[in-house]
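The values are calculated or read from the model by the stated rules, or taken from the named source; none is laboratory data. Nothing here was measured: the structure is a model prediction, and the numbers come from that model. Heads up, the Cβs are rebuilt from the backbone with ideal geometry, glycines too, and the neighbour counts pull from every protein chain shown. Just the protein is used for accessible areas: all its heavy atoms, side chains included, with ligands, DNA and RNA removed. Shrake-Rupley method; radii C 1.70, N 1.55, O 1.52, S 1.80 Å.
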Amino acid sequence: MNKKDFLIIGAGIVILVAIILVAVLTKVPGEVNVITEKTEYKIGDVIKVKIENNLKKNVCFSSCYPYYLEKKEEEWKSYDYMGCPNSDLVKDCIDSRQVKAFELIVPPIEEGLHRLAISVCIGCNLDEVFREDQKFYSNEFIINE
């Protein structure tokens, strides 16, 4: 192989890498992923939750109920929550491509298949009145006694 062949191969590799980088960096973001650490818990266990924002805008959470616990019956059913005692404001936000983690303790609830429902306000600001623009769901997990 001569210098010209090496230059052509090198230029081809550079172009290929550039195409891959453009594809990765301009990837259309999809959604908000809500992931629990495990798929099985007992009452009193700590559920570690990770929320990944793959949207192009920030997502914000409610000051009253940043998540709802749901149980699978014939359909998914949210547990009853009392009304919000204060104004429901935007409490916390994460920017595009950021991750938020939190923990919650499994309350004394029925055994069975569960998930978390996370209501978000898209493109909101802190201390605004919270409005649910979209709801995202975690993976399913089992709660046993």
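Brief remarks on what is shown
- Highest to lowest packing among 130-136, 77-83, scored as the average C-beta count within 10 Å: 130-136, 77-83
- Here the Kirkwood formula, the inverse mean of 1/r across different C-alpha pairs, assigns segment 31-95 a hydrodynamic radius of 14.2 Å.
- Once C-alpha pairs closer than 8 Å and six or more residues apart are averaged by separation and normalised to the residue number of segment 19-145, the relative contact order reads 34 percent.
- Accessible surface, per residue, of segment 91-145 when the full set of protein chains is kept, probe 1.4 Å, Å²: 57
- Ignoring lysines fewer than eight residues from LYS48 along the same chain, the ones with Cα atoms less than 29 angstrom from its Cα are LYS27, LYS38, LYS56, LYS57, LYS71, LYS72, LYS77, LYS91, LYS100, LYS135.
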